[in-house]
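Heads up, the thing below is written out as structure tokens.
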Amino acid sequence: MIRAHSLTKRFTTGKGQSKNAVDGIDFVVEPGRVTGFLGPNGAGKSTTMRMILGLDAPTSGTVSVNGHRYAASPAPLREIGALLDAHAIHPGRSARDHLRWMAASNGIPTTRVGEVLELVGLEPVAGQRAGRFSLGMGQRLGIAAAMLGDPPVVVLDEPVNGLDPEGIRWVRTFARQLADEGRTVFISSHLMSEMALMADHLLVIGRGRILADCSMTEFMSDHAASYVRVKAPALADAAAVLGGRGLEVSRHDDEIRVVGLDAPSVGELLFEHRLAVHELTLVRSSLEDAFMGLTADSVEYHAIAPSEGVAR
């Protein structure tokens with residue numbers, strides 16, 4: 001379990017002004033589920049993860065792993081496995097030797113090195129220098145290092161970065177397996193489509209503050225727009241019936257979109273008026289849409305929209 005209480009990190013800018021990268025946040029990452037950590041660039045995600053691992057000291061507040069500071073653990077790799085930067089390895093060292101010295105530093109049997117290399121699919125290239133690895137291979141080595149101590153808590157930052165479709169699916173399945181084993185799984189990613197498939201719970205941060213801390217189901221219910229798509233021969237009549245009941249109805253080409261009633265109820269209402277229906281579908285916006293809507297006011301770095309600039 002990871003627990004943060006009033007966690008704050010303040011930095012001094014180049015102009016001598018102070019800024020809260022993380023602003024008094026409270027959260028608990030529970031075992032037995034995959035918790036997704038989301039936020040725009042500059043929201044405070046990386047700073048929060050670095051404070052969990054003791055790489056940055058909080059200005060105030062506390063963060064603990066399994067009831068104590070992570071830095072106080074005599075064998076950190078057995079406590080928490082982390083992947084923050086897959087390239088934080090010596091390029092001249094082989095994958096096997098990289099893991100061997102990590103194992104030796106935490107009293108982990110060398111037999112575990114072969115196990116994690118096989119786990120991530122790098123056993124055939126274990127003798128190669130890590131500097132020759134592709135981005136995806138480096139990610140796999142980083143995950144192997146995170147799992148070296150068979151830790152009860154796993155923290156992964158952008159774990160699917162650079163992976164091919166097979167590797168992305170493997171990470172998704174692996175994260176689910178770790179949670180099913182009762183481990184605490186905390187994953188940060190910008191790939192919303194993958195997070196939608198992977199996470200049970202979401203922690204969303206913006207400008208250093210928690211914007212949402214709830215299950216995926218609750219998040220989508222609270223922040224994802226939805227409507228019922230209706231296609232019918234007498235579309236104008238259907239719109240009139242539904243609008244007459246006080247529902248929000250809009251016309252879009254060969255369909256109408258209805259807000260304020262679920263699909264079965266819309267169908268029953270039209271049936272009562274003897275109106276034929278060709279399609280009745282509940283359409284819900286994606287996790288990406290819901291996330292963008294929630295964090296719109298928290299984005300610090302805005303690119304120019306394609307229609308606003310000219311590529312040269």
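Between VAL160, VAL171, the distinction of being part of a helix (DSSP H, G or I), among the β-branched types (Val, Ile, Thr) and closer than 18 Å to ILE187 by Cα belongs to VAL171 only. Looking across region 172-221 at every residue that is under 13 Å from the mean Cα position of the chain (by Cα) and among the acidic types (Asp, Glu), the one that is modelled with the lowest pLDDT is identified as GLU194. Whenever a residue of region 39-63 is in the same structural domain as PHE27 (by TED's automatic domain parsing) and farther than 25 Å from ASP289 by Cβ, its partners that are of a type in the set (Phe, Trp, Tyr) and surrounded by fewer than 20 Cβ atoms within 10 Å (Cβ to Cβ), lying with C-beta atoms within less than 9 angstrom and at least six residues away or across chains, give the pairs THR47/PHE11; THR59/PHE11.
The single condition from (1) among the hydrophobic types (A, V, I, L, M, F, W, C); (2) closer than 29 Å to SER188 by Cβ; (3) touching a His at 6+ places or on another chain (Cβ under 6 Å) that VAL241 fails is (2). Scanning region 220-255 for residues that are under 20 Å from SER286 (Cα atoms) and of a type in the set (A, V, I, L, M) returns MET220, ALA224, ALA225, VAL228, VAL230. Restricting region 217-271 to residues that are in contact (Cβ under 8 Å) with a residue 24 or more places away in the chain and part of a loop (DSSP other than H, G, I, E, B) leaves a set whose member that is nearest to HIS201 (Cα to Cα) is ALA224. One residue stands out in region 3-54 among those that are basic (Lys, Arg) and in a helix (DSSP H, G or I): the one that is farthest from the chain's Cα centre (by Cα), namely ARG50.
Selection of region 184-193 for residues being farther than 15 Å from VAL28 by Cβ and either out of contact with any strand residue (DSSP E or B) (no Cβ under 9 Å at 6 or more places or on another chain) or not in a helix (DSSP H, G or I) (or both) yields ILE187, SER188, SER189, HIS190, LEU191, SER193.
Candidates ALA212, ALA199: the one that is within 24 Å of GLY81 (Cβ to Cβ), buried (at least 17 other Cβ atoms within 10 Å of the Cβ) and touching a residue at least 40 places away in the same chain (Cβ under 8 Å) is ALA199.
Residues in region 59-111 that are surrounded by 19 or more Cβ atoms within 10 Å (Cβ to Cβ) and in a loop (DSSP other than H, G, I, E, B) were compared, and the one that is nearest to the chain's Cα centre (by Cα) is ALA86.
The values are calculated or read from the model by the stated rules, or taken from the named source; none is laboratory data. It should be emphasised that the depicted structure is a prediction, and the values quoted were computed from it without experimental measurement. Using ideal geometry, Cβ is built from the backbone for each residue, glycine included, and neighbour counts are taken over all protein chains shown.
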